[in-house]
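Shown next, in structure tokens, is the structure this report addresses.
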């Protein structure tokens, strides 16, 4: 896959009478991707290979520069995991060198924004199709950035919390799919618990906000439809304030997006019902199995969990207490897994965790942390304290099985050993 069309690079080479241009992009699924266009086919192969390594080294270290070599002047610029280098004639004047650097910077900015352009194009709905939450939120974030000339993020209300569904091009992409802290400004305004306004610090309370924006105040604005909260947007405007035409246009954009977000959230909710456990809101067994088959090459750890002596709890305190106990367990599971992990209720008092990419050791460590937390967290039902513990079985691919399909049986077998060995413990399946 080419990073840029070949003619565009050739035009840039010839505009600067360069002998060649080198582009290097950071790690992807297939490793780093590189592009090279030579206008001087007489360059020795060893010299070309040396410049290949220089361009990659600049990308890896994040440091560009200008270097005089036997064949000319090699200038390299770097930004956000991309590097661009150009081999100029040895007699290049300072002004021409500055112009080449400026063009390389423009090239890199285009490369940096390319994923956003692709995402925006994919987010554009086909005529007659239903927009997704991600597409509406992404387009709104870009619109807010255009209006206010600054970074913007868009969060939406979901049963699981306030999810950041869209970020603009200059915002921190790591925030996408993360959940805002419920007591943060963004979390409260999204749920209709505040009217919005200027916020100093991280408006989402995620702890992962872009360092370039953390010191700047943000303006948090609600998104509502027919008086009901749908979500909120955070906009890093100057001094965290919006006024005049920008404020009016921002409000119009939010009002226009609100019904589209509400429809998309409703459709998403209906779709998710087929994959959620009705009591706990965790994934169900069907969703767990789908997640385990999602991203080849498949590897990770599966943790099978069974609440100890749950029948005695149900018989003594009643089924309402049993449901409350299961909700208690579900909450602890949510709080103690990593981003990207899946917590599921497999049925009855049985739960499971799918930990993509986790080794058997990591899976066992996470299971042990949850076991300890569950056993030391008090649970009280109508004035009666009841100890809740659980047993855990862990299996992993490829350490205990070469196939993900076998992990469920292996984790269940390890769980059975934990039960037979006295409960309230973690057992791992045997390595292959």
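The values are calculated or read from the model by the stated rules, or taken from the named source; none is laboratory data. Nothing here was measured: the structure is a model prediction, and the numbers come from that model. Every residue, glycine among them, receives a Cβ derived from its backbone with ideal geometry; neighbour counts consider all protein chains shown.
Answer yes if at least one residue in the stretch 368-389 is under 20 Å from residue 289 (Cβ atoms), crowded, with 20+ Cβ neighbours inside 10 Å and at pLDDT 95 or above, and no otherwise. Among the residues of the stretch 368-389, not one is under 20 Å from residue 289 (Cβ atoms), crowded, with 20+ Cβ neighbours inside 10 Å and at pLDDT 95 or above, which makes the answer no. The residues listed here are 265, 242, 261; of these, the one that is in the same structural domain as residue 222 (by TED's automatic domain parsing), crowded, with 18+ Cβ neighbours inside 10 Å and not in a helix (DSSP H, G or I) is 242. Against the test of being closer than 14 Å to residue 220 by Cβ, in contact with a strand residue (DSSP E or B) (Cβ under 9 Å, 6 or more places away or on another chain), at pLDDT 90 or above and assigned to a loop (DSSP other than H, G, I, E, B), the options 192, 187 yield a single qualifying residue, 192. Reported count of residues in the stretch 173-183, each being farther than 18 Å from residue 136 by Cα and in contact with a strand residue (DSSP E or B) (Cβ under 8 Å, 6 or more places away or on another chain), is 2.
On inspection, residue 138 qualifies as surrounded by 14 or more Cβ atoms within 10 Å (Cβ to Cβ), outside any loop (DSSP other than H, G, I, E, B), touching a strand residue (DSSP E or B) at 6+ places or on another chain (Cβ under 7 Å) and at pLDDT 90 or above.
In the set 206, 198, only one residue is touching a strand residue (DSSP E or B) at 6+ places or on another chain (Cβ under 8 Å), under 13 Å from residue 234 (Cβ atoms), surrounded by 15 or more Cβ atoms within 10 Å (Cβ to Cβ) and at pLDDT below 85; that residue is 206. When 337, 305, 342, 235 are checked against the criterion of being surrounded by 15 or more Cβ atoms within 10 Å (Cβ to Cβ) and modelled with pLDDT under 90, a single residue qualifies: 337.
Among all residues of the stretch 320-337, there is at least one that is more than 26 Å from residue 131 (Cα to Cα), touching a helix residue (DSSP H, G or I) at 6+ places or on another chain (Cβ under 9 Å), part of a loop (DSSP other than H, G, I, E, B) and in the same structural domain as residue 408 (by TED's automatic domain parsing).
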